[in-house]
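The values are calculated or read from the model by the stated rules, or taken from the named source; none is laboratory data. Here the structure is a predicted model, which means the values were calculated and not measured. Note: ideal-geometry Cβ built from the backbone for every residue, glycine included; neighbour counts use all protein chains shown. Accessible surface is based on the protein model in full, side chains and every heavy atom, while ligands, DNA and RNA are left aside. Shrake-Rupley method; radii C 1.70, N 1.55, O 1.52, S 1.80 Å.
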Amino acid sequence: MSDFSEELIRPKTEDDQEESCLFSGTGMSFPWLQKHIGTVATGGKKEKDFAQTTNACLSFIQEALLKHQWQQAAEFMHSYFQILEDSDSHKRQAAPEIIWKLGSEILFYHPKSNVETFNTFADRMKNIGVLNYLKISLQHALYLLHHGMLEDANRNLSHAETWRYGEKSSSQEVLINLIQAYKGLLQYYTWSKKKMELSTLDEDDYAYNTASQNMLNHSWKTSVNLCALIQTPGVWDPFVKSYVEMLEFYGDQDGAREVLTNYAYDEKFPSNPNAHIYLYNFLKREKAPREKLISVLKILYQIVPSHKLMLEFHRLLRKSEKEDHHKLGLEVLFGVLDFAGCTKNITAWKYLAKYLRQTLMGNHLAWVQEEWNSRKNWWPGFHFSSFWAKGDWKEDKALACEKALVAGILLGKGCRYFRFISKQDDEVLRKKIKQIKKSVKKHSIVNPGL
C-alpha cells in the first residue's frame, strides 16, 4: 500500500492534534479523515458553528479545483470536513454529497492518488448519509470502468443493485434502474465481443453453437437490465442504442422500431435530437418510404437545423413530388449556412448554388426573396465580404466559386465577393468563372434579366 493510502486510513494520534492541518511532504495525505468519518458514522455530533470556516474552505477548494491545484485543494479539505459536525441539520445532511464530489474530483486528478485510495474513500463515504449510497456506488463503478476494471465495476454495481434502506429505496427507484442499466451495458460489452468472435466461426462448427448460446444468455440478461430504464423519461442514448442493436441482431425489427419510436415521440421524454437520428437511421436501414424519412428529419431540423443530416434531408425534399417540400428544401439550405460551423461546407454551397438556379427557373422568385429578406442585413458581412473572398480563394478555390455564384445571385454583380472572384485569372477555373458570370447575369434577384 502506498504512503498516500496509509495516510488516508491511518487513525489520528495525539501527535496529530497540533498539526492536523499539515500534510506529508512526500505526497498527499488525509490524517483527519479517519476521525471525522468514524465520528459521523457512529452518530457523534458536536454543537459548534463552523459556518465561517466551512464557507471559506469551500470557496478555496473551488478556486483550487478551477486552477487544477490538487494538493492545495486536498489541504483545504481538512477544514471543510468539519461541516459533518455542523449544528445546522440542513448543512449536515447536504455535507456528505458535497464532500464526495469534492473528494472524488481531487482523488481522480491528484498525481499521488491511486485506485486503492479512491476505493477506500468511496467505500467509507457510502456509509455516510444513506441516500448517497447509490450515487456514490454508480460513480465509483464509472471510475473503475475508466481504469479498465470491468469485473470490479460489475461487482460494485451488483452490490448497489441489492441496496435497500427501509422506505427510502422507493424514492431512489430511478437510480436503481440506472445501476441495473449500467450492469446491462457491461453485459452488452461482453455480448458485443462474443458477436465479433461468432463472426469468425463456421456456422457448422460446434463452437459456433456454443458461442451463439452464450450470446443469447447475455442478451437476455442485458434486456432485463435495460428495459426498466429506457421506459423511464430521460436521455438514455447509449442504453437505447445497445438494446436496439441486440433486438435487430435477433430479428426483432418490430421491437426495435417500437423502442425507437417511443424514445423519439413520447411527450414524457425530454427533447433529444439523437432520438430522431437513431430512428431515422433505423428506418433508413429498413428502406422505409421517403415520406416517413422526411417526417423524422423534419423534427430533427426543428431541433438542430445545422446537423449534418440536413443535407441528406434537403436531397429527400428535392426528390419529393410535393411543392411545399421543394420550398422547405430551400429553407433547409439557408438554415444550414446560418451557422458559423457550416460556412466552409462546400457541399452546402454547391447545393444552394444549384438549387437557387432551379428555384428561379421554376418561377419561384418569392421563395428566394422570403429566405433572403431575413438575411440580407447580415449575410453579406457574414459570408460575402472582401476579407472572406480573399481568404476563401487562397484556401479553397472550388468553395470560393460556389459562394461567388450564390453571392452574385443574391446581391448582384456589385457584390464585393463576386467581383473579387470574377476578376481572378486562373487557367484551370477560367471556364468555371465565365459560367458563374453568365448564371449571375441570368438569375440575379437584384436585377432580373440583366
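The number of residues in the range 236-263 being open to solvent by 20 Å² or more (accessible area, probe 1.4 Å), in a helix (DSSP H, G or I) and not charged (D, E, K, R) comes to 8. Of the set (1) surrounded by fewer than 19 Cβ atoms within 10 Å (Cβ to Cβ); (2) of a type outside the set (Gly, Ala, Ser); (3) at pLDDT 90 or above, all apply to TYR143 but (1). Selection of first residues in the range 399-428 that are within 12 Å of LEU352 (Cβ to Cβ) and among the hydroxyl-bearing types (Ser, Thr, Tyr) and of second residues that are open to solvent by less than 10 Å² (accessible area, probe 1.4 Å) and assigned to a helix (DSSP H, G or I), restricted to Cβ pairs under 7 Å at least 6 apart or on distinct chains, gives an empty result. Looking only at the range 159-184, which residues are among the β-branched types (Val, Ile, Thr), loosely packed, with under 15 Cβ neighbours inside 10 Å and either at pLDDT 90 or above or more than 21 Å from the chain's Cα centre (by Cα) (or both)? Of everything in the range 159-184, just one residue is among the β-branched types (Val, Ile, Thr), loosely packed, with under 15 Cβ neighbours inside 10 Å and either at pLDDT 90 or above or more than 21 Å from the chain's Cα centre (by Cα) (or both), namely THR162. Within the range 76-114, being more than 33 Å from the chain's Cα centre (by Cα) and of a type in the set (A, V, I, L, M, F, W, C) holds for PHE81, ILE83, LEU84.
Annotation: of all residues in the range 219-235 being within 23 Å of the chain's Cα centre (by Cα), of a type in the set (A, V, I, L, M) and closer than 13 Å to LYS183 by Cβ, the one that is surrounded by the most Cβ atoms within 10 Å (Cβ to Cβ) is LEU226. Only one of the numbered conditions (1) modelled with pLDDT of 85 or more; (2) part of a helix (DSSP H, G or I); (3) not charged (D, E, K, R) is violated by HIS78, and that is (1). When you look at ALA64, is it open to solvent by less than 30 Å² (accessible area, probe 1.4 Å), farther than 21 Å from ILE136 by Cα, out of contact with any strand residue (DSSP E or B) (no Cβ under 9 Å at 6 or more places or on another chain) and at pLDDT 85 or above, yes or no? Yes; evaluated as a whole, the condition is true for this residue. Is it fair to say LYS327 is within 30 Å of ASN262 (Cβ to Cβ) and in a helix (DSSP H, G or I)? Answer is no for this residue.
The set of residues in the range 116-138 that are open to solvent by 50 Å² or more (accessible area, probe 1.4 Å), more than 11 Å from ILE99 (Cβ to Cβ) and among the charged types (D, E, K, R) comprises GLU116, ASP123, LYS135.
Conditions tested, residue by residue: (1) basic (Lys, Arg); (2) touching a residue at least 24 places away in the same chain (Cβ under 8 Å); (3) closer than 22 Å to ASN272 by Cα.
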| position | (1), (2), (3) |
| --- | --- |
| LEU297 | no, no, yes |
| GLN302 | no, no, yes |
| PRO305 | no, yes, yes |
| LYS308 | yes, no, yes |
| LYS322 | yes, no, no |
| PHE334 | no, yes, no |
| ASP338 | no, yes, yes |
| TYR351 | no, yes, no |
| GLN358 | no, no, no |
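Applying the criterion of being within 16 Å of LYS354 (Cβ to Cβ) and touching a helix residue (DSSP H, G or I) at 6+ places or on another chain (Cβ under 9 Å) to the residues of the range 429-443, the residue that is most open to solvent (accessible area, probe 1.4 Å) is LYS442. Scanning the range 330-366 for residues that are closer than 22 Å to TRP378 by Cβ, outside any helix (DSSP H, G or I) and among the polar types (S, T, N, Q) turns up THR343, ASN345. All of (1) open to solvent by less than 60 Å² (accessible area, probe 1.4 Å); (2) modelled with pLDDT of 90 or more; (3) under 30 Å from ARG164 (Cα atoms); (4) over 27 Å from the mean Cα position of the chain (by Cα) hold for ALA73 with one exception: (3).
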